[in-house]
Every structure is written in C-alpha cells, then in structure tokens.
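*Asks:* Have a look at the structure that comes next, please.
Throughout, read-outs are computed from the coordinates displayed, never taken from laboratory work. Because the structure is predicted, anything quoted here is derived from the model rather than measured. No Cβ is skipped: glycine too gets one built from the backbone with ideal geometry, and neighbour counts run over all protein chains shown.
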Amino acid sequence: MDFSQIHSSFKLNGVSFNSKVDLINYARKLSSSVNDFFVNWLNDKDYLIVQTSGSTGKPKPIKLRKEQMINSALATGDFFEIRENTTALLCMSTDYIAGKMMLVRAMVLGWDLDIIEAVSNPLALSNKNYHFSAMVPLQLEKSLDQIERIGKLIVGGGVVSESLKTKMSKVKTEIFATYGMTETITHIAVKKLNQIKEKPTFYKVLPKVKIYIDQRNCLMIDAPLVTNEIVVTNDVVQLVSENEFEWLGRYDNVINSGGIKLHPEKIEHKLSKLIQNRFFTIGVKDERLGEKLVLVIENNTTNMDSQEILKRISESLEITKYEVPKEVYFVKNFIETETKKIQRSKTLDLVLNSSKK
C-alpha cells in the first residue's frame, strides 16, 4: 500500500511522518505488535491476516482486504462525525481487530492517536483529554471517575451490565455499545448507552448494511463494503425494524433445561440488577433436566452466601421460576481471552474441577 494514501494529518503520540520508513521506525519503538501492523499494512499485499479473539471458539487467522478495512474506518468516521484532527486514545491490544482498526481509522481519517498499554484502567496512564476512544466494559467500569475526559466512547467485546449502565447514565461522555466481529471488521451496528431520550434502545446498523434472520432466529449480515459474503452469526436476535435489532444471546449458549429453552444473556440482564460482582449463567449436564442453569460469580474480596443470593433471585418479580439458577458457584478470577472477554466454558471447568478436590 502506498504511503501517500495515509492522511496528511495522521499522528502517533503527537508525531507526524514523512515516509513509510519514518513510520515503521517509530512504530518499532512502541511495540512489536504495532510495528508488525504497519509493516504488513504498508506492504504490496491487498489484505491483512487478522486473528479472531477466541471468545466463542478456538482463535483462528482470517484474511481481511485492506480496502474493506478502509471502508469500515470511513463508515465509523461518518457515523460518529469524527474526521481529521480528532484526538483519540488507543488502549486496546493491537493483536486483534479492535486495536488494529483504531490504527486504520487514525491513518485514514487523519487522527492524532495516542497509544498506551491495554490495562484495565487506561486513563490512569494519561492526563490528556480525547475526542474518541474504544474500550471493553471492564476498562469503562475502571475508568468511570475520569471517563468525561473522552468525548465519544465505543464499547465492545462484552455485554455492558445494568449496574454499569446506571453508573454511567449521567456522565457527559457519549457512550455507545457496538456489535460486530472480526469477520465484519469490527462494528456494523451501534446502540446508545447513555443520554437516552427514549427507551428502550436497540442496535442500529451503519449505512449500507442489511440484516436478516435465519431459521434459528440468528442474525445474518449483508455488508458489501466490508465483507464479500453474507455473514451468518450464532447471535439470536429480534428484528425491530429493517435496520434495528435487539440482541438476545448466543445460539450456542442456549440451555435446554427440561424442555425449556433458556437464554443465559437474557437472564443475566435481569440478574445484573441484583448482583454487583461480575458473573455469568451457563448450563451444566443434569440427569433429570438434561441441563441445569447455574450461576458463576467472580468473588475475590468478600464473603458471599449462595443461599442468600438464590433467595434474592427467587423473590425478584422479573425472574421466572425457570430462570432461577439451581446452584451458585464462586471463583476468584474468571478466565479471559487477551481481549478481556470471559471464557465461560473454561471458567466453568475450573470451578467444577476445584469443587471435586
């Protein structure tokens, strides 16, 4: 790719570049990951090899066309009205698509992009204000006391809990949840999370993206600017309109408990009003029910009583009798991917193996 295609206003950590060599030499000082990205972006190939995150399966490399990555960056710039001279913060790993696309957006749109380590509280590493950034939910939660230093923030890589939504409801920063995956070159849909005039809000697809559902009620995405094929997902959704949808959960997470189909993510939405710690629900094999619903809570600081938690859940008017977990497990720390997504199955295996000892 020709260096001349990089926007003249593009900067990394306040530094401008006059040539491909200058940019690569500077990137080498930042990290091997950032350097590898620019070396591969500025070569003669029209594609980039990108690793999936591995949150729902084994990580795998996929090929993405650079032209389509540029289209994605332009779509984001138009949707959020963030163009040249935007100050932005990159605090996610550049090993994966979310971090790589922050670099692409900066190059294509002409941003002044600061790169810092992908820690849980990134704003502690910088004292500057920014127009735009991207975080995972954990980073947002840990940064709430300083989040107004960012004008617009997109959040991906996990579900934002109801308790976190409540905490950020009055902050001045415009915060959006994003829906997407490596195959769609990050987000193809966005949902406002705060400063909301009308409730409920749903994911709204970006321009020139069409959505459908298959026989499983799973989302199908037709986004010709960023992918050559229709993407068939395992995300169960409800179409609200031709360009809006409500995300209900993962098809492969559905629990068949005594003939009743339970969506863990839908149950978690209700439980998040009752449980402050990080948690998830998941199915465990059961002789009578086939699968039983269990609750796994991350707890490394305080004593929690499982019977008290189940009592509180049972008394909630929002939760049906089928949605009450049969058991509660505690684990000190969840197992996560490098992009901070919870690995449910691996965490459950850790819990069950520990309980057998």
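*Asks:* Does the range 3-249 come out rounded, prolate or oblate by the C-alpha gyration tensor, with a ≥ b ≥ c the root eigenvalues, rounded set by a/c under 1.5 and, if not, prolate when a/b is larger than b/c and oblate if not?
*Replies:* Because a/c hits 1.5 or more and a/b fails to exceed b/c, the range 3-249 counts as oblate.
*Asks:* Looking at this model, which pairs from 11/128; 142/332; 142/261 are more than 23 angstrom apart at the alpha-carbon?
*Replies:* Checking Cα-Cα distances, 142/261 exceed 23 Å.
*Asks:* May I ask you to list the residues of the range 146-173 whose amide nitrogen lies under 15 Å from a point 7 Å from Cα along the Cα→beta-carbon direction of residue 201?
*Replies:* It comes to 151-156, 160-173, nothing else.
*Asks:* Another question, then. Please state the shape class of the range 250-303: rounded when a/c is under 1.5, otherwise prolate if a/b exceeds b/c and oblate if not, all from the C-alpha gyration tensor.
*Replies:* Since a/c reaches 1.5 and a/b is larger than b/c, the shape of the range 250-303 is classed as prolate.
*Asks:* Now, a different point. Spin-label point model (7 Å from Cα, Cβ direction): what's the residue 144 to residue 314 distance in nm?
*Replies:* Going from the residue 144 label point to the residue 314 one covers 3.0 nm.
*Asks:* Determine the dipole magnitude for the chain: charges of +1 sit on the beta-carbon of Lys and Arg, -1 on that of Asp and Glu, nothing else is charged, the reference point is the Cα centre, and the result goes in debye to the nearest 20.
*Replies:* The calculated dipole for the chain is roughly 520 debye.
*Asks:* Label the range 150-243 by shape, choosing from rounded, prolate and oblate, from the square roots a ≥ b ≥ c of the eigenvalues of the Cα gyration tensor; if a/c is under 1.5 it is rounded, and otherwise prolate applies when a/b is larger than b/c, oblate when it is not.
*Replies:* It comes out prolate by the Cα gyration axes.
*Asks:* A further question on this structure: Along the Cα→Cβ direction, 7 angstrom out, place labels at residue 46 and residue 302. What is the inter-label distance in nm?
*Replies:* In this crude label model, residue 46 to residue 302 measures out at 5.7 nm.
*Asks:* Out of all DSSP beta bridges with both ends in the range 1-149, state the antiparallel percent to the nearest 5.
*Replies:* In the range 1-149, approximately 40 percent of DSSP beta bridges are antiparallel ones.
*Asks:* For the range 254-356, what proportion of DSSP beta bridges, expressed in % and rounded to the nearest 5, is antiparallel?
*Replies:* 70 percent
*Asks:* Of 86, 24, 14, which is farthest towards the positive pole of the range 3-249's charge dipole, taken about the Cα centre with +1 and -1 on the beta-carbons of Lys, Arg and Asp, Glu respectively?
*Replies:* 14
*Asks:* Once you place label points 7 Å from the Cα toward the Cβ at residue 60 and residue 286, how far apart are they in nm?
*Replies:* 3.3 nm
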